[in-house]
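What follows is one structure encoded as structure tokens, with my remarks underneath.
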Amino acid sequence: MRCRRVLVCLVVLLVFVLMGPRAAVAARQYAAIFSFGDSLSDTGNLCVDGIPDYLATARLPYGMTYFGYPTGRVSDGRVVVDFIAQELGLPLVPPSNAKNATFHRGANFAITGATALDLSFFQERGLDKGVWSSGSLHTQIKWFQDMKPRICSSLSQQACRDLFRRSLFIVGEIGGNDYGSTLFAFRPVSEVHALVPHVVAAIGRGVEALIAEGAVELVVPGTMPIGCFPLYLSAFRDHPPEGYGPRTGCVKDLNTLSWAHNAALQREIARLRAKHPGVRIVYADFYTPAIQFVLHAEKYGMVKQTPRACCGAPGVGEYNFNLTSLCGQPGAYACDNPSNHWSWDGIHLTETAYGHIAKGWLYGPFADPPILDTTKHLG
């Protein structure tokens with residue numbers, strides 16, 4: 001009998017080796033995806049009632065690559081959550097504001113402009129002019145809580161609990177707008193760094209709130225290296241030559257801010273893992289792949305160049321970014337082949353870049369552990 005068990009284990013191991021990452025799909029069968037965050041994850045929550053006049057991101061050329069029309073995604077096509085859903089065999093996750101949707105396979109509460117911290121935090125510090133979305137992380141979680149009875153209306157209590165236990169919760173990226181509100185108020189970088197503990201604590205509280213709602217599989221992304229993005233390279237151009245990375249051309253102190261956030265977030269995730277041993281929390285890395293796109297663009301089928309927006313207009317420097325002619329506005333244009341670029345509009349990524357990141361989150365190396373880690377199974 002023991003020999004038979006050993007033989008079965010060896011056969012299973014051989015299957016995983018031969019099939020590679022695809023075998024993990026069978027090992028982790030998610031029932032739904034529930035996503036939270038900002039414009040890096042938004043799939044159209046601001047557009048379900050029509051396109052607001054102020055929202056250039058809901059006009060062509062946004063959406064040109066995959067959908068052929070703007071969907072409210074701030075990219076030329078799909079974003080990370082779309083690639084993850086497709087790889088898991090799930091439908092694209094609908095925005096939570098969508099009409100006539102059941103949300104039994106998931107919902108996306110992410111909204112462009114969202115912050116980790118509530119608006120009151122910024123109001124108390126005179127920073128609220130830089131925050132134009134009231135959909136903070138905790139507001140989005142409240143939306144999820146309000147939706148739960150609707151999702152579970154036709155399910156038994158046990159079936160409802162099982163649904164959320166077998167769902168993947170993606171909590172972010174969020175936090176970038178918190179730092180942006182302070183940076184664009186031209187506060188000292190030291191003051192922006194002082195936000196890190198508050199932002200990370202807010203994300204930690206959000207994760208715990210979702211665990212309390214029944215989540216046992218969560219992905220918590222870090223933030224981008226903002227010093228590499230044309231928006232910040234154009235707006236903060238008064239750095240001396242030594243203030244830029246010699247290989248990347250990125251602003252060092254802004255990337256240090258992103259690094260500090262990610263390091264603190266990983267410590268918070270370690271704390272949460274210890275506190276909730278029955279819960280699986282994945283740290284998803286946005287920082288490393290974005291740096292890789294800058295340094296080794298050709299490895300990802302892109303053109304190696306100065307950080308440059310595919311969609312934009314000439315401004316200051318070589319970045320094809322102009323605050324008076326943003327992508328989707330008069331005077332801006334899109335490059336012929338967005339797949340050659342990692343930066344879509346100087347603030348967000350191209351579909352190609354998001355696709356590489358999603359693959360790295362699912363199978364490694366851009367996640368700890370990878371979402372489809374074959375060594376850990378759903379309970």
Residue tally, condition closer than 30 Å to Arg166 by Cα and among the polar types (S, T, N, Q), over the range 225-281: 2
Considering residues of the range 272-303 that are of a type in the set (Lys, Arg) and surrounded by fewer than 12 Cβ atoms within 10 Å (Cβ to Cβ) only, the residue farthest from Cys250 (Cα to Cα): Lys275
Test: Ser153 is modelled with pLDDT under 95 and buried (at least 17 other Cβ atoms within 10 Å of the Cβ): no
Residue satisfying condition, being in contact (Cβ under 8 Å) with a residue 24 or more places away in the chain and under 16 Å from Trp143 (Cβ atoms), within set Val74, Val93: Val93
Matching option when the condition is touching a residue at least 40 places away in the same chain (Cβ under 8 Å), more than 16 Å from the chain's Cα centre (by Cα) and part of a loop (DSSP other than H, G, I, E, B), among Ala185, Ala201: Ala185
Enumeration of residues in the range 155-173 that are out of contact with any Ser or Thr (no Cβ under 7 Å at 6 or more places or on another chain) and either within 21 Å of Trp132 (Cβ to Cβ) or not in a helix (DSSP H, G or I) (or both): Leu155, Ser156, Arg166, Ser167, Leu168, Phe169, Val171, Gly172
Options Ser167, Ser234; residue that is within 18 Å of the chain's Cα centre (by Cα) and of a type in the set (S, T, N, Q): Ser167
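Condition check ((1) over 20 Å from Val80 (Cα atoms); (2) surrounded by fewer than 23 Cβ atoms within 10 Å (Cβ to Cβ)) across all residues:
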position: Val220; (1), (2): no, no
position: Gly227; (1), (2): yes, no
position: Pro230; (1), (2): yes, no
position: Leu233; (1), (2): yes, no
position: Gly243; (1), (2): yes, yes
position: Asp253; (1), (2): yes, yes
position: Thr256; (1), (2): yes, yes
position: Trp259; (1), (2): yes, yes
Pairs where the first residue, in the range 124-138, is among the aromatic types (Phe, Trp, Tyr) and the second is surrounded by fewer than 21 Cβ atoms within 10 Å (Cβ to Cβ), C-beta under 8 Å, 6+ apart: Trp132/Gly113
Residue in the range 312-320 that is crowded, with 23+ Cβ neighbours inside 10 Å, without any contact (Cβ under 8 Å) to a residue 40 or more places away in the chain and in a loop (DSSP other than H, G, I, E, B) present: no
Looking only at the range 156-187, and only at residues there that are among the hydroxyl-bearing types (Ser, Thr, Tyr) and crowded, with 16+ Cβ neighbours inside 10 Å, the one that is farthest from Leu257 (Cα to Cα): Ser167
For Thr352: the one exception among (1) part of a helix (DSSP H, G or I); (2) over 16 Å from the mean Cα position of the chain (by Cα); (3) free of Cβ contacts under 8 Å to residues at least 60 places away in the same chain: (2)
Val282 vs. criteria β-branched (Val, Ile, Thr), at pLDDT 95 or above and under 23 Å from Leu326 (Cα atoms): no
Residue list for the range 357-379, filter: of a type outside the set (A, V, I, L, M), at pLDDT 95 or above and not in a helix (DSSP H, G or I): Gly364, Pro365, Phe366, Asp368, Pro369, Pro370
Which listed residue, of Arg150, Arg125, Arg165, is of a type in the set (Lys, Arg) and closer than 16 Å to Ala185 by Cβ: Arg125
Residues located in the range 188-198, provided they are crowded, with 20+ Cβ neighbours inside 10 Å and in a loop (DSSP other than H, G, I, E, B): Leu195
Residue that is under 21 Å from the mean Cα position of the chain (by Cα), under 22 Å from Ile203 (Cα atoms) and buried (at least 20 other Cβ atoms within 10 Å of the Cβ), where the choices are Thr57, Thr43: Thr43
Residue that is farthest from Asp178 (Cα to Cα), among those in the range 257-308 that are in contact with a helix residue (DSSP H, G or I) (Cβ under 6 Å, 6 or more places away or on another chain) and part of a strand (DSSP E or B): Ile281
Test: residue in the range 86-105 that is farther than 16 Å from Gly135 by Cβ and within 13 Å of the chain's Cα centre (by Cα): no
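The values are calculated or read from the model by the stated rules, or taken from the named source; none is laboratory data. Quantities reported herein were computed from a predicted structural model and do not represent experimental measurements. No Cβ is skipped: glycine too gets one built from the backbone with ideal geometry, and neighbour counts run over all protein chains shown.
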